[in-house]
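> Dumping the structure here so I can ask a few things about it.
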Amino acid sequence: MGEKQYGIDNDRVKQYAEDIKAVHAQGLEIAIVIGGGNIFRGLSAEKSGMDRAQADYMGMLATVINSMALQDALEKVGLKTRLLTAIKMEQICEPFIRRRAVRHLEKGRVVIFGAGTGNPYFTTDSAAALRAIEIKADVVLKGTRVDGIYTADPEKDPTATRYTEISFKEVYSKGLNVMDMTAFTLCEENELPIIVFDMNKTGNFMKIAQGEEIGTLVKG
């Protein structure tokens, strides 16, 4: 999580915490879903011969490790948090219950959702879309290392240009890779907009919260 290819970059996690604190101070309710690819990737393990379901469960546990790291960083900057997971781990977190999650948000706590959906074969993107719909979120912010959706992979094609806004149907027709199809379809069917942005650039989260055109907006 952060600049490191493997493991947790504590400096980057601290930056995330400060960015989240600044936005939370604006009175916004914030719920977070974190992946676990910096520790373990289920799909990669499957390719090396591991059972897919077993590998996915291991990936879910990796998301909990990342969630705990972020929770610690958030609490160190003075925020009240709750970690809710789709797999029961009573000693370290609460089980996911939709009404409880909503109540935590109403009380001003930052809610972190760990362990994906609790089911194998579903990605972190799908977990984020599902939880966002369940808590009636206004928008899904997909933080990546790229500052939006491009006509092509900007890391491979220097002529690629960024979309500031694009519709769900255009993403389909152009074959653009925003998130996995299950998650993307969930957002489209529930009229839930998505903003893809560079989460590693300090201040971007606040700029989005203040209505600035950061990254790419997917809607309609």
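Here, each number is a calculation from the coordinates, and none is a lab measurement. Note that the coordinates shown come from a computational prediction; the quantities given were computed from them, not determined experimentally. Virtual Cβ from ideal backbone geometry, glycine too; neighbours counted across all protein chains shown.
> Using amide H atoms built 1.01 Å from N in the peptide plane, name the residues 5+ places from G114, or on other chains, whose amide H lies under 5 Å from its own.
Correct list: L84, T85, A86.
> Treat every Asp and Glu Cβ in segment 1-137 as -1 and every Lys and Arg Cβ as +1, leave all other atoms uncharged, and give the resulting dipole magnitude about the Cα centre to the nearest 20 debye.
420
> Taking amide H positions as placed in the peptide plane 1.01 Å from N, state which residues far from E165 in sequence (5 or more) or on other chains have amide H under 5 Å from it.
For E165, the qualifying residues are L217.
> Give me P(r) over the chain, computed from all C-alpha to C-alpha distances, binned every 10 Å, as integer percentages.
8, 32, 40, 18, 2, 0
> Now for a separate question. Magnitude of the Cβ-charge dipole of segment 139-194, K/R +1 and D/E -1, about the Cα centre, nearest 20 debye?
With only Lys, Arg, Asp and Glu charged at Cβ, the dipole is about 140 debye.
> Give, in nm to one decimal, the length gained when the segment between T185 and T164 is fully stretched (0.36 nm per residue of separation minus the Cα-Cα distance).
Length gained between T185 and T164: 5.5 nm.
> Could I ask something else about it? Considering amide H positions built from the backbone, and no H for Pro or chain starts, which residues 5 or more places from T81, or on another chain, come under 5 Å of its amide H?
Distant-sequence amide H within range of T81: V110.
> Can I ask one more? Would you kindly state how much longer the chain becomes between K88 and D138 on full extension, computed as 0.36 nm times their sequence separation minus their alpha carbon distance, in nm to one decimal?
Between K88 and D138, full extension yields 15.3 nm more.
> Still on this structure, please answer the following. Using only Cα atoms, locate the centre of segment 43-73 and the centre of segment 143-197, then give the distance between them in Å, rounded to an integer.
Comparing the Cα centres of segment 43-73 and segment 143-197, I get a distance of 25 Å.
> Once the Cα gyration tensor of segment 138-220 is found, what semi-axes does its equivalent ellipsoid get, as square roots of 5 times the eigenvalues, in whole Å, sorted largest first?
For segment 138-220, the semi-axes come out at 18, 18, 10 Å.
> For a footprinting-style exposure proxy, rank T185, T159 by other Cβ within 10 Å, fewest first.
Arranged by neighbour count, lowest to highest, T185, T159 become T159, T185.
> In deg cm²/dmol and to the nearest 500, what is the mean residue ellipticity at 222 nm of the chain if only DSSP H runs of at least 4 residues count, each as -39500 (n - 2.57), divided by the residue total?
Helices in the chain give a 222 nm mean residue ellipticity of -12000 deg cm²/dmol.
> Based on DSSP, what percent of beta bridges with both residues in segment 138-220 are antiparallel, to the nearest 5?
Counting only bridges with both partners in segment 138-220, antiparallel ones make up about 40 percent.
> For the chain, what proportion of DSSP beta bridges, expressed in % and rounded to the nearest 5, is antiparallel?
About 25 percent, rounded to the nearest 5.
> Within segment 167-188, what residues put their amide N at less than 14 Å from the label point 7 Å along the Cα-to-Cβ vector of Y121?
Once the point is set 7 Å along Cα→Cβ of Y121, 182 turn out to lie under 14 Å by backbone N, inside segment 167-188.
> Mind sorting V64, V77, V146 by how few other Cβ atoms lie within 10 Å of their own Cβ, fewest first?
Fewest-to-most Cβ neighbours within 10 Å comes out as V77, V146, V64.
> Residue by residue through segment 84-96, what is 3J(HN,Hα) from phi via Karplus (6.51 cos²θ - 1.76 cosθ + 1.60, θ = phi - 60°)? Round to whole Hz and write x for glycine and proline.
Each residue's phi maps through the Karplus curve to give 10, 10, 7, 10, 5, 8, 4, 5, 10, 7, 8, x, 5 Hz.
> So between M206 and A53, what do we pick up on full extension, going 0.36 nm a residue minus the alpha carbon distance?
That works out to 51.3 nm of additional length.
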